[in-house]
Amino acid sequence: MMVSNAVPLTDSPHAIEIPEIPTLSALDLSRAIHARQVSCVEVMTAYLDQIDAVNPKVNAIVSMRPRDALLADARRADDELLAGRSRGWMHGMPQAPKDLAATTDIVTTRGFRGLRDNLPPEDAIVVARARAAGAILIGKTNTPEFGLGSHTYNAVFGTTLNAWDQRLSAGGSSGGAAVAIAAHLLPVADGSDMMGSLRNPAGWNNIYGLRPSMGQVPAGPAPEVFFQQLTCEGPMGRTVADLAMLLATQAGDDPRTPLARSGDGSEFAAPLIGIAQGARIGWLADLGGHLATEPGVLDTCEGALKIFSDMGCHVEAARTDFDMSRLWQAWVTLRSFLVSGGLQALYDNPVARDLLKPEAIWEIETGRALTGAQVFAASVIRSAWYQEILRLFECHDYLVLPTAQVFPFDATQHWPLEIAGRTMDSYHRWMEVVIPGSMAGVPVLAVPAGFGPGGLPMGLQILGRPRADRALLELGHAYDLAQGFTARRSPLVGGCKNSRSKQDCLFPDAGKRSAP
């Protein structure tokens with residue numbers, strides 16, 4: 001049985017008629033392809049039509065490959081299935097890696113004008129693994145220049161706009177990926193996260209994103225593989241089950257990355273059960289007033305916390321006596337040290353340096369002024385914070401914070417200059433809420449928290465115990481099944497009336513939360 005071509009999903013005059021295929025979860029799409037309910041050509045056509053209709057409004061996907069070439073790839077994928085060969089669960093599935101991830105056959109600009117024509121010699125590990133699982137690369141998702149800043153704009157492709165209001169920021173640096181998922185331009189996507197780059201855009205676009213444990217997903221290949229311990233790559237999607245399956249593809253050891261965790265990622269492919277009963281949830285809120293937050297952020301998040309209580313979790317306030325100002329200064333030191341090292345060749349080239357955005361120049365020059373003693377002292381503070389996180393986990397099974405301190409802001413603004421009357425002293429200070437998870441290296445799951453007073457999405461960060469990614473996904477899966485926020489779709493694509501999701505209408509008996 002073939003899936004019909006298109007149905008109107010809403011009576012809203014602003015909605016676009018969306019093909020049914022892009023409304024499927026990634027797991028249901030995989031099942032439909034492998035059961036020959038849909039052909040890979042039909043899947044590719046449906047997604048490309050959706051991209052043609054919606055992407056001009058949001059600018060989420062860039063560097064698109066020609067339609068004819070993509071349909072030829074899809075026909076080859078169909079021929080392989082006809083011959084009884086499947087490359088993996090993503091067979092025939094369209095994907096667009098983040099434009100920070102190297103792709104040999106699609107330009108990898110990293111949002112930088114000086115890399116407009118850059119074709120790396122080898123794929124990033126997550127890209128190679130997606131290809132090996134059967135994905136067809138259609139283009140890239142937009143990112144800020146070198147991923148710097150939680151607002152996705154650059155001088156190469158322009159600004160990515162929020163899936164809920166195209167006047168506003170999509171977040172970043174995985175803003176293109178988040179909007180592509182929320183607007184049904186991709187079934188799932190890869191992202192990366194240093195300072196909330198997976199978490200902030202997930203929260204602002206009403207989807208899920210996972211920053212895995214340090215070393216869970218190997219990054220690279222890269223010229224430096226020992227110091228880079230703040231950034232990681234991970235999955236984004238519309239359900240936690242989809243996240244887990246994509247993580248199973250991304251995770252696993254790679255001998256080129258000495259800090260990668262052992263294993264092959266298969267532990268994440270097993271169907272999620274959804275374990276939540278009795279879990280102790282510690283709400284860190286604004287860290288005892290340390291963080292400036294826009295009115296409505298904490299109230300929205302606290303409303304979402306009631307879902308955990310209804311699930312049988314024990315939700316209570318959590319507090320830390322750690323000096324968060326010291327943690328911030330340690331973060332700035334370590335971040336600048338790593339960014340300056342990674343971009344030093346461009347800075348040393350006068351032509352390239354003139355093309356760098358001011359924030360990149362600031363990071364590089366700040367990093368170059370550091371001494372070895374300062375970097376070591378910052379690492380000592382980070383180590384002390386990790387011990388504090390372990391102490392907090394003695395009282396709580398999970399720790400929760402908002403995904404951002406503000407709701408999505410005007411897309412023409414570079415970053416918020418003040419929050420609740422407090423001045424932000426750098427281009428990234430407004431995202432300080434994400435550094436507790438980044439500095440601890442623990443897994444952090446971003447989940448939708450609902451909509452604030454102005455109708456804009458917000459998310460929750462759920463911090464799990466060190467290396468407890470699977471347990472965190474189980475909790476997130478239970479939350480996914482209990483929440484109703486994702487039943488509300490972006491105004492660009494409408495929603496399925498009287499149903500939690502459109503995929504329920506197509507496959508009411510499908511176990512969309514388990515592996516194919």
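The values are calculated or read from the model by the stated rules, or taken from the named source; none is laboratory data. Quick caveat, the model's predicted, so the values are computed rather than measured. Note that each Cβ is placed from the backbone with ideal geometry, even for glycine, and that neighbours are counted across all protein chains shown. Note: areas computed on protein heavy atoms with side chains; ligands, DNA, RNA excluded. Shrake-Rupley method; radii C 1.70, N 1.55, O 1.52, S 1.80 Å.
Couple of notes before you dig in:
- All conditions in (1) under 17 Å from the mean Cα position of the chain (by Cα); (2) closer than 28 Å to residue 491 by Cα; (3) not aliphatic (A, V, I, L, M) hold for residue 212, with the sole exception of (2).
- Checked against the criterion of being more than 13 Å from the chain's Cα centre (by Cα) and open to solvent by 20 Å² or more (accessible area, probe 1.4 Å), region 230-241 has no qualifying residue.
- Each residue in region 86-129 was checked for being outside any loop (DSSP other than H, G, I, E, B) and either open to solvent by less than 40 Å² (accessible area, probe 1.4 Å) or in contact (Cβ under 8 Å) with a residue 24 or more places away in the chain (or both), and 10 of them qualify.
- Filter result for residue 220 (surrounded by 17 or more Cβ atoms within 10 Å (Cβ to Cβ), assigned to a loop (DSSP other than H, G, I, E, B) and at pLDDT below 95): yes
- Index of the failed condition, residue 97 passing every other in (1) over 17 Å from residue 185 (Cα atoms); (2) touching an Asp or Glu at 6+ places or on another chain (Cβ under 7 Å): (1)
- Residue count for region 165-199 satisfying the condition of being polar (S, T, N, Q), touching an Asp or Glu at 6+ places or on another chain (Cβ under 9 Å) and farther than 13 Å from residue 141 by Cα: 1.
Let's see how each residue does on (1) open to solvent by less than 10 Å² (accessible area, probe 1.4 Å); (2) free of Cβ contacts under 8 Å to residues at least 12 places away in the same chain; (3) under 21 Å from residue 223 (Cβ atoms); (4) assigned to a loop (DSSP other than H, G, I, E, B):
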{"site": "134", "(1), (2), (3), (4)": "yes, no, no, yes"}
{"site": "146", "(1), (2), (3), (4)": "no, no, yes, no"}
{"site": "179", "(1), (2), (3), (4)": "yes, no, no, no"}
{"site": "192", "(1), (2), (3), (4)": "no, no, yes, no"}
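- Listed by first and then second residue, the pairs linking a residue in region 364-384 that is touching a residue at least 24 places away in the same chain (Cβ under 8 Å) to a residue that is among the charged types (D, E, K, R) and part of a helix (DSSP H, G or I), with Cβ atoms under 6 Å apart and 6 or more places separating them unless they lie on different chains, are 381/326.
- Residue within region 87-94 that is among the small types (Gly, Ala, Ser), out of contact with any strand residue (DSSP E or B) (no Cβ under 6 Å at 6 or more places or on another chain) and modelled with pLDDT of 95 or more present: yes
- Annotation note: of 272, 356, the sole residue that is more than 24 Å from the chain's Cα centre (by Cα), modelled with pLDDT of 95 or more, crowded, with 20+ Cβ neighbours inside 10 Å and in a loop (DSSP other than H, G, I, E, B) is 356.
- Selection from region 301-317 of residues that are open to solvent by 80 Å² or more (accessible area, probe 1.4 Å) and free of Cβ contacts under 8 Å to residues at least 12 places away in the same chain: 306
- The residues in region 324-353 that are open to solvent by 20 Å² or more (accessible area, probe 1.4 Å), of a type in the set (D, E, K, R) and within 22 Å of residue 292 (Cβ to Cβ) can be counted, and the count is 1.
- Residue satisfying condition, being touching a helix residue (DSSP H, G or I) at 6+ places or on another chain (Cβ under 7 Å), more than 30 Å from residue 111 (Cβ to Cβ), modelled with pLDDT of 95 or more and surrounded by 13 or more Cβ atoms within 10 Å (Cβ to Cβ), within set 320, 366: 320
- Count of residues meeting criterion [touching a residue at least 24 places away in the same chain (Cβ under 8 Å) and either open to solvent by 30 Å² or more (accessible area, probe 1.4 Å) or within 23 Å of the chain's Cα centre (by Cα) (or both)] in region 45-70: 18
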